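Every number here is computed from the coordinates shown, using simple stated rules; none is lab data. Not measured: the values here are computed from a predicted model. When we count neighbours, we look across all protein chains shown, and the Cβ atoms used for this are built from the backbone with ideal geometry, even at glycine.
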Amino acid sequence: MLKLYRMKNKFKKNGAGCLFAITLLLLTIHCTAQGSKQSNEKIVRTVYTAYEKKDWNMLKSVLAEGFTFSSPVDVPPIGIKVYKEKCWPNSANIKKFEIDKLMVDGDNVFVAYHCWTLNGKVLWNTEYFTLKDGKIKGFVCFFGPGIGFPDNTAK
């Protein structure tokens, strides 16, 4: 009987310890997920800041090796070299971005924004980013008819 009593007390002690360990594990997972979410949001916001500041090195610092970009005019997706030649010059026409909605789901980030050009035009785009190991692996820009990107001359 004494042996059974000791086992019961040991289980109570270890059970409380297990419960404490499980609680810590769940909190760590939650905090890690929150940290990852905030980190991925910050990485994606860097894209828009780099365009506003006209800072290619800032943008390049968040792009992963093997980065690809796609849009209605860039199918199939293009790599970083063509992106720099074709898309980056648009930074010269950009005044500012206003992010309307930014949603993070793990390594996937969706952004809807308004962009003001230096000549006073406004465009509205949405972009879908995929990240890997804290870098942007690729993103797709979606825009409709009219002014879809800063150097577009359509009305």
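Observations
- Residue-count net charge about TRP56 - beta-carbon cut-off 15 Å; Lys, Arg +1, Asp, Glu -1: +3
- For LYS81, net neighbour charge (Lys/Arg +1, Asp/Glu -1) across residues whose Cβ lies under 15 Å away: 0
- Using θ = phi - 60° in the Karplus curve 6.51 cos²θ - 1.76 cosθ + 1.60, the 3J(HN,Hα) couplings for the stretch 43-56 round to 4, 5, 4, 4, 4, 5, 5, 4, 5, 5, 8, 6, 10, 4 Hz; x is entered for Gly and Pro.
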